[in-house]
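Presented below is the structure to which this report refers.
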Amino acid sequence: MSTDAQDADDDPEDELRERVTNFLRRNFPQIQMHGGSAAIQHIDMESGEVSIQLGGACSGCGISPMTIQAIKSRMVKEIPEITKVHADTGMEGMGGEGGDGGMEPSFPGETSDDGADGRDEGPQAPF
């Protein structure tokens, strides 16, 4: 048996942490491509639960709830030791996981006032 295999067997939490990290890199490169990040906060080997924190551009992103759902559903399917995934953007009070609903996406040039007649003509062009 090689020493690399023995090292992985010696610390199952490190091996599982590496598999979770590789899962995130392999399955969600768009997180990094869009200026976001994903970090493992905690792994509980006994319960099979893992906590993931999305950061960078993921905080406040309108599609981060969909990214979180994809991570949760795919990770438990691909890594048998993981039974539950907790993931959030650190924006719980503003619509993240555990918040009071979804967060509205924002667009450059968008204003929050409704105008005199309440019509929504969409965001203003940035030029």
Some residue of the range 88-95 being within 28 Å of Pro12 (Cα to Cα) and either modelled with pLDDT of 85 or more or open to solvent by 50 Å² or more (accessible area, probe 1.4 Å) (or both):
yes
Test for Ile43: is it at pLDDT 90 or above and hydrophobic (A, V, I, L, M, F, W, C):
yes
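The values are calculated or read from the model by the stated rules, or taken from the named source; none is laboratory data. Treat the numbers as computed from the prediction; the structure is a model and nothing was measured. SASA here: full protein model, heavy atoms, side chains in, ligands and nucleic acids out. Shrake-Rupley method; radii C 1.70, N 1.55, O 1.52, S 1.80 Å.
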